[in-house]
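Asks: Below you will find the structure I want to go over with you.
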Amino acid sequence: MFINSYPSRSQFGLSFIFSQDWDPVKDKFGALAFIYGTIVSSIIALIISLPISLGVAIFLSEMAGKFLKTTVGFLVEILAAIPSIIFGFWGLFVLVPFMRNSVQPFLEKTLGFIPLFSGANIGTGMLTAGIILAIMITPIISAISRDVIKAIPKSQREAAYALGATRWEAIRMALLNAKSGILGATVLGFGRAVGETMAVTMVIGNRAQISAGLFDPAYSMASVIANEFAEASKTIHVSSLIEVGLLLFVVTFIINSLARILIYSATKKYDAK
Amino acid sequence: MMEEENKNNSEENIEDKFSISTENLSVYFNEKPAIKDINLKVRNKSVTAIIGPSGCGKSTYLRSLNMMHELTPTATVYGSIKINNIDIQEFGVINLRKKVGMVFQKPNPFPTLSIYDNVISGLVYTGRHYKKDLDEKVERCLTASGLWNEVKDRLKVSAMTLSGGQQQRLCIARTIAVNPDIILMDEPTSALDPISTTKIEELVYNLKKEYTIIIVTHNMQQAARVSDHTAFFYLGRLVEYSKTRTIFTNPKEKLTEEYVTGKFG
Ligand SMILES: Nc1ncnc2c1ncn2[C@@H]1O[C@H](COP(=O)(O)OP(=O)(O)OP(=O)(O)O)[C@@H](O)[C@H]1O
Ligand SMILES: [Mg+2]
């Protein structure tokens, strides 16, 4: 990848990352819009997914009875196993019309004074992509958070209860203990969102632009590669796409390593002494 | 060093000398009895040791005193437990656990909290506190647990930087910070080295001026060194309960004698 992206790296240099012009016809290639689209859609996904995932993880590890625990646990695992193209189809046929007809008009009416909640109301766009991603990463974050919370030894729980903690105080203590592991799970979910291709491609709108309005169509790094790679004929176009891929690879690699380290250290903590 | 003449021999039977008493206390796990019909009166401001072979129900007994079995769905508790003649059910589980502290076999400080925050971790559950009061409290509890001089310059570092023995003394500090009347200790030194063990034993000896202590131990010498009274459990039953000296020198039951002389266990 490093070698094959040479033509674009030598021609555009650093401006490849800082320019948002992407015009294969005029041979202008800048990846900023994709970087922006990837990161913002992933952040939206995290903001939506994190509270839900934490709730599910706490429910599964601390509260649910046996039946609910297996049922919800099963659902979470199923959700994690669904291929992303299915999410894409569901997004396109269910979520996009719903966003267009209900959610976005409503948000615009109530929160429209914030520039974020504006843009072309066509259903596809940044917010829709973020929501699809949120649904896709929630199983990952909740399953790992549940495992991290479960890995807290019984002795820690008992320590809190023995001091007169109520159930919620004991859960809060457990969350404090699981903090770095939950952070790891979050980063892992973020990494998954950043790398996600199919579902995002189908709902993000695929337009290389940077717009404050979350309803506006956008584009992500993975999507542009998926959409244009097969048709790209010019060397500079191909090598630019490869450079986008290289960027994506470096970013996800860093995010994933960070996540693994956090999760590993969180579950290892109690073995130290 | 820790032998104490028991000056109160003649007052043995006065009721308010007893802090905690159990009547016909039985605990079942999945319908199987772990302890049966334990009748025991623990004396106020003294150290009571519970000894007996592994699996005889020492921990089960201890954990019923602060309702720890509530965390185990398979456990059922029968019989009555009274503190100063009040049934523990009347305190409610949260207040009971503040009154009856517990120190565990393996030191279990909260790993994400500093030494300071560990000491006050139980107070956070009891409402608002002023920083100055907390500072004083931390110093007092760490002094009482013999840790102050070792940690006073690093109160804000993680509790996990302490040695095992120091961690256990931190757990004792954390327990007494809640102002309990009674402290339960389940083999508090079995995970520690001999020097740390000695320190904890000295601590137990000092703490009985203010607290009623019940200590489970596998170590017969330890029971002899720190306790005033000793209860010998065997197969879920209380076999003999008497002054520690009596248990070790002149027990009534043959079984007790065999156990304390190391013939089994
Ligand atoms: N949570 C539990 N579920 C089922 N059985 C249990 C549970 N806890 C204890 N028991 C059983 O109750 C009996 C008494 O156990 P307990 O832990 O009180 O013994 P102990 O005297 O403290 O032993 P040790 O000296 O090994 O700590 C044992 O037979 C044990 O298997
Ligand atoms: Mg035990």
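The values are calculated or read from the model by the stated rules, or taken from the named source; none is laboratory data. Not measured: the values here are computed from a predicted model. Heads up, the Cβs are rebuilt from the backbone with ideal geometry, glycines too, and the neighbour counts pull from every protein chain shown. Only protein heavy atoms, including side chains, enter the accessible area calculation; ligands, DNA and RNA are left aside. Shrake-Rupley method; radii C 1.70, N 1.55, O 1.52, S 1.80 Å.
Asks: Any chance segment B:191-208 includes a residue that's under 17 Å from residue B:54 (Cβ atoms) and within 16 Å of ligand 2 (Cβ to nearest atom)? It would help to see each step written out before you state the result.
Replies: If we filter segment B:191-208 for residues that are under 17 Å from residue B:54 (Cβ atoms), which is where we start, we get B:191.
Imposing the further condition that a residue be within 16 Å of ligand 2 (Cβ to nearest atom) reduces the set to B:191.
Within segment B:191-208, one or more residues are under 17 Å from residue B:54 (Cβ atoms) and within 16 Å of ligand 2 (Cβ to nearest atom).
Asks: Out of curiosity, is residue B:53 surrounded by fewer than 17 Cβ atoms within 10 Å (Cβ to Cβ), within 16 Å of ligand 2 (Cβ to nearest atom) and part of a loop (DSSP other than H, G, I, E, B)? Reasoning before the result, please.
Replies: On the way: surrounded by fewer than 17 Cβ atoms within 10 Å (Cβ to Cβ): yes; within 16 Å of ligand 2 (Cβ to nearest atom): yes; part of a loop (DSSP other than H, G, I, E, B): yes.
Judged against the criteria, residue B:53 is a match.
Asks: Looking at B:121, B:145, B:114, B:80, which one is farther than 30 Å from residue B:58 by Cα and either away from ligand 2 (no atom under 16 Å from the Cβ) or of a type in the set (Asp, Glu) (or both)?
Replies: Numbers: B:121 fails: farther than 30 Å from residue B:58 by Cα; B:145 fails: farther than 30 Å from residue B:58 by Cα; B:80 fails: farther than 30 Å from residue B:58 by Cα.
B:114 is the lone residue from the list that is farther than 30 Å from residue B:58 by Cα and either away from ligand 2 (no atom under 16 Å from the Cβ) or of a type in the set (Asp, Glu) (or both).
Asks: Out of the residues in segment B:173-190 meeting the condition of being assigned to a loop (DSSP other than H, G, I, E, B) and open to solvent by less than 60 Å² (accessible area, probe 1.4 Å), tell me which one is farthest from ligand 1 (Cβ to nearest atom).
Replies: Filtering first and then ranking leaves B:177.
Asks: Restricting the first residue to segment B:207-230 and requiring it to be away from chain A (no Cβ under 14 Å) and farther than 13 Å from residue B:176 by Cα, which pairs with a second residue that is basic (Lys, Arg) and away from ligand 2 (no atom under 16 Å from the Cβ) meet a Cβ separation below 6 Å and a spacing of at least six or different chains?
Replies: B:229/B:243
Asks: While we're on this one: In segment A:1-21, what residues are open to solvent by less than 60 Å² (accessible area, probe 1.4 Å) and of a type outside the set (Ser, Thr, Tyr)?
Replies: If the condition is that a residue be open to solvent by less than 60 Å² (accessible area, probe 1.4 Å) and of a type outside the set (Ser, Thr, Tyr), then A:7, A:12, A:13, A:16, A:17 are the ones that fit.
Asks: Would you confirm whether or not segment B:93-103 contains a residue that is open to solvent by less than 60 Å² (accessible area, probe 1.4 Å), at negative phi and more than 13 Å from chain A (Cβ to nearest Cβ)?
Replies: First, the residues of segment B:93-103 that are open to solvent by less than 60 Å² (accessible area, probe 1.4 Å): B:93-94, B:96-103.
The next check asks that each one be at negative phi; those that pass are B:93-94, B:96-103.
Imposing the further condition that a residue be more than 13 Å from chain A (Cβ to nearest Cβ) reduces the set to none.
No, segment B:93-103 contains no residue that is open to solvent by less than 60 Å² (accessible area, probe 1.4 Å), at negative phi and more than 13 Å from chain A (Cβ to nearest Cβ).
Asks: Still on this model: If I filter segment B:206-246 down to residues being more than 20 Å from residue B:190 (Cβ to Cβ) and aliphatic (A, V, I, L, M), which single residue comes out as surrounded by the fewest Cβ atoms within 10 Å (Cβ to Cβ)?
Replies: B:235
Asks: Output the residues belonging to segment A:22-46 that are free of Cβ contacts under 8 Å to residues at least 24 places away in the same chain and surrounded by fewer than 18 Cβ atoms within 10 Å (Cβ to Cβ). Reasoning before the result, please.
Replies: At the first step, the residues of segment A:22-46 found to be free of Cβ contacts under 8 Å to residues at least 24 places away in the same chain are A:23, A:25-26, A:28, A:30.
Matches in segment A:22-46: A:23, A:25, A:26, A:28.
Asks: Residues that are within 19 Å of residue A:206 (Cα to Cα) and modelled with pLDDT of 90 or more: list the helices (runs of 4 or more DSSP H) wholly contained in segment A:51-157 that include at least 3 such residues. Spell out how you get there, then give the answer.
Replies: On the way: elements: A:66-81, A:84-90, A:104-111, A:126-150.
Per the criteria, A:84-90, A:126-150.
Asks: If you go through segment B:63-75, how many residues are surrounded by fewer than 20 Cβ atoms within 10 Å (Cβ to Cβ) and within 13 Å of chain A (Cβ to nearest Cβ)? Steps first, please.
Replies: Going through segment B:63-75, the residues surrounded by fewer than 20 Cβ atoms within 10 Å (Cβ to Cβ) turn out to be B:69-75.
Within this subset, residues satisfying the condition of being within 13 Å of chain A (Cβ to nearest Cβ) are B:69-74.
Residues that pass the stated criteria total 6.
Asks: So, one more: Taking the options B:161, B:198, B:143, name whichever one is within 14 Å of chain A (Cβ to nearest Cβ) and open to solvent by 20 Å² or more (accessible area, probe 1.4 Å). Steps first, please.
Replies: Details: B:198 fails: within 14 Å of chain A (Cβ to nearest Cβ); B:143 fails: within 14 Å of chain A (Cβ to nearest Cβ).
Testing whether each residue is within 14 Å of chain A (Cβ to nearest Cβ) and open to solvent by 20 Å² or more (accessible area, probe 1.4 Å) leaves just B:161.
Asks: OK, next. Could you list, in sequence order, all residues of segment A:169-194 that are among the charged types (D, E, K, R), facing another protein chain (nearest Cβ under 10 Å) and either farther than 14 Å from residue B:112 by Cα or open to solvent by less than 10 Å² (accessible area, probe 1.4 Å) (or both)? Walk me through it before giving the result.
Replies: Let us first name the residues in segment A:169-194 that are among the charged types (D, E, K, R), namely A:169, A:172, A:179, A:192.
Adding the requirement that they be facing another protein chain (nearest Cβ under 10 Å) leaves A:169, A:172, A:179.
Result: A:169, single match.
Asks: Could you please let me know if residue B:176 is in contact (Cβ under 8 Å) with a residue 60 or more places away in the chain and within 14 Å of another protein chain (Cβ to nearest Cβ)?
Replies: Details: in contact (Cβ under 8 Å) with a residue 60 or more places away in the chain: yes; within 14 Å of another protein chain (Cβ to nearest Cβ): yes.
So residue B:176 fits the description; yes.
To keep it simple, each residue is scored yes or no on (1) under 24 Å from residue B:200 (Cβ atoms); (2) within 15 Å of ligand 1 (Cβ to nearest atom).
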residue	(1), (2)
B:46	yes, no
B:50	yes, yes
B:54	yes, yes
B:72	no, yes
B:75	no, yes
B:85	no, no
B:91	no, no
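Asks: Now for a separate question. For segment A:119-168, give me the residue count where each residue is within 14 Å of chain B (Cβ to nearest Cβ), open to solvent by less than 30 Å² (accessible area, probe 1.4 Å) and either charged (D, E, K, R) or on the phi > 0 side of the Ramachandran plot (or both).
Replies: 2
Asks: Report yes if residue A:235 is within 17 Å of the chain's Cα centre (by Cα) and at pLDDT 85 or above, otherwise no. Talk me through it step by step, then tell me what you get.
Replies: On the way: within 17 Å of the chain's Cα centre (by Cα): no; at pLDDT 85 or above: yes.
So residue A:235 fails the test.
Asks: Something else: Out of (1) surrounded by fewer than 17 Cβ atoms within 10 Å (Cβ to Cβ); (2) within 14 Å of chain B (Cβ to nearest Cβ), the odd one out for residue A:230 is which?
Replies: For residue A:230, the exception is condition (2).
Asks: Can we say residue A:220 is within 28 Å of residue A:258 (Cα to Cα) and touching a residue at least 24 places away in the same chain (Cβ under 8 Å)? Give the steps one after another, and end with the answer.
Replies: Details: within 28 Å of residue A:258 (Cα to Cα): yes; touching a residue at least 24 places away in the same chain (Cβ under 8 Å): yes.
The answer is yes for residue A:220.
Asks: What number goes with the only condition from (1) without any contact (Cβ under 8 Å) to a residue 40 or more places away in the chain; (2) in contact with a strand residue (DSSP E or B) (Cβ under 8 Å, 6 or more places away or on another chain); (3) open to solvent by 10 Å² or more (accessible area, probe 1.4 Å) that residue B:78 does not pass?
Replies: (1)
Asks: How many residues does segment B:142-157 hold that are within 14 Å of residue B:172 (Cα to Cα) and either in contact with a Pro (Cβ under 9 Å, 6 or more places away or on another chain) or not aromatic (Phe, Trp, Tyr) (or both)?
Replies: At the first step, the residues of segment B:142-157 found to be within 14 Å of residue B:172 (Cα to Cα) are B:142-148.
Checking the rest, the ones that are also either in contact with a Pro (Cβ under 9 Å, 6 or more places away or on another chain) or not aromatic (Phe, Trp, Tyr) (or both) come to B:142-147.
So the count comes out to 6.
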